[in-house]
1. Anything in segment 262-281 that is of a type outside the set (A, V, I, L, M, F, W, C) and either surrounded by fewer than 21 Cβ atoms within 10 Å (Cβ to Cβ) or outside the structural domain of G334 (by TED's automatic domain parsing) (or both)? List them, or say none.
2. Where the second residue is in a helix (DSSP H, G or I) and modelled with pLDDT of 90 or more and the first is in the same structural domain as Y113 (by TED's automatic domain parsing) and over 23 Å from T110 (Cα atoms) and lies in segment 52-67, which pairs have Cβ atoms under 8 Å and are six or more apart or on separate chains?
3. Which residues, counting only those in segment 289-313, are among the hydroxyl-bearing types (S, T, Y) and either assigned to a loop (DSSP other than H, G, I, E, B) or surrounded by fewer than 17 Cβ atoms within 10 Å (Cβ to Cβ) (or both)?
4. Please pick out the residue among I26, I72, I31 that is modelled with pLDDT under 90, within 14 Å of I87 (Cβ to Cβ) and out of contact with any Lys or Arg (no Cβ under 8 Å at 6 or more places or on another chain).
5. Show the residue pairs that are 6+ apart or on different chains and have beta-carbon atoms under 8 Å apart, the first residue being within segment 326-343 and within 20 Å of S284 (Cα to Cα), the second being modelled with pLDDT under 85 and of a type in the set (F, W, Y).
Amino acid sequence: MRHSFRLWLSNLEWTSYIWLLYLPYIMSEFIPTKSSIDWLWIGLGVLFLVVYILVNEIDRWLAVTIPLELFIAGLFSIFAFNNYMIIYPGWQISFILARYPRKYFRWFATAFYVIIFIGLWRYNQFHPSVIGLDNANIGDLIFPLASPLISYTVARSVIRRRQLSQTNRRLQAVVRRGERERIARDLHDTLGQSFSMITLKTELAKKLLIKAPERVAQELDDIAKTSRDNLQLVRAIVNDLHQQSLSEMMLEQGKNLAEADVVLLTNGENEATEWPTTVQAQLSAVISEAITNVIRHAHAHQAIITFDQTPTAYLVEVQDDGHSKSYVRAGSNGISGMQQRMQAVNGTFSIVHNRQGTRVSLTLPKEA
């Protein structure tokens, strides 16, 4: 429970809630109430606040809450002549839609500007002398009109910078892996052959030496055993260096997700790259399979991978915003394979369909 709350707190969009400090000022024109109409606008303001929070917190409901928030703000703009409320969806929704295909932002922007211009047209019908190029009130329109474009551009820039940073870091890890592979080849070609030769020579010497056999034979046996142990150690090191790291897996799957038009976001990835190589290899195989399921079956627009650890375990969550429940069934679409991989290393695997989409949770215990 504490881990879940800490994770929710770290993912909280504080900036979206800071803007709510201006909401009482926007609603102040209806307070104190002068008629039942004012009470209606206050009720719509409260409903707007609830929907605003739902848009921020529950991605599964965006198909309903985004149009509803825009509709309520549109009522304020068209019938209450209040173009300040429309700024909220202009900033918040545009920022959220930057994570999704562009067509959704185009649909939103079209509806947004239609509402703005209908509101201006109606306002001009009642107050024809207020709006004009030579009037100071025209300046109040610039911010609402520019809000969606600015917010969307900023959000896309943030996402691109983050993705570029992650890609560069992954590429650096791949370059480091190239150096590790070179070292692995050198170890295999030099030390491996040397130890093999030592083993052969000592075994041959044991057969040839006849003086003090009770002494020399024991020494040669020790040398042979040591050389064999060292050879196994070299092979283990080489095998360890050939294991796939999280960075390599993320680089490969990031490209696959991009080709499927799915945005990849990560939390704690930098820290996870410092985990032991064996741990990274064990988790990479399962995460890769989970991402493959997201691409093939989830019908998702976004995938968030969260890496964390406790004093006793490594934790990974793969959360998508898809609406397909078909691959949550045990034994389907590689789920049994993921379960078996985690069980083989004494880890745990779970997959659930929640309000955001589908979440895969992995837990790998740390060595004592």
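The values are calculated or read from the model by the stated rules, or taken from the named source; none is laboratory data. Bear in mind that the values here come from a model prediction, so they are computed numbers and not experimental data. Cβ coordinates were reconstructed from backbone atoms using ideal geometry, including for glycine residues, and neighbour counts include every protein chain displayed.
1. Listed by number, the residues that qualify are T266, N267, G268, E269, N270, E271, T273, E274, P276, T277, T278.
2. I58/T65
3. T292, T310, T312, listed by residue number.
4. Testing whether each residue is modelled with pLDDT under 90, within 14 Å of I87 (Cβ to Cβ) and out of contact with any Lys or Arg (no Cβ under 8 Å at 6 or more places or on another chain) leaves just I26.
5. The qualifying pairs are N333/Y327; I335/Y327.
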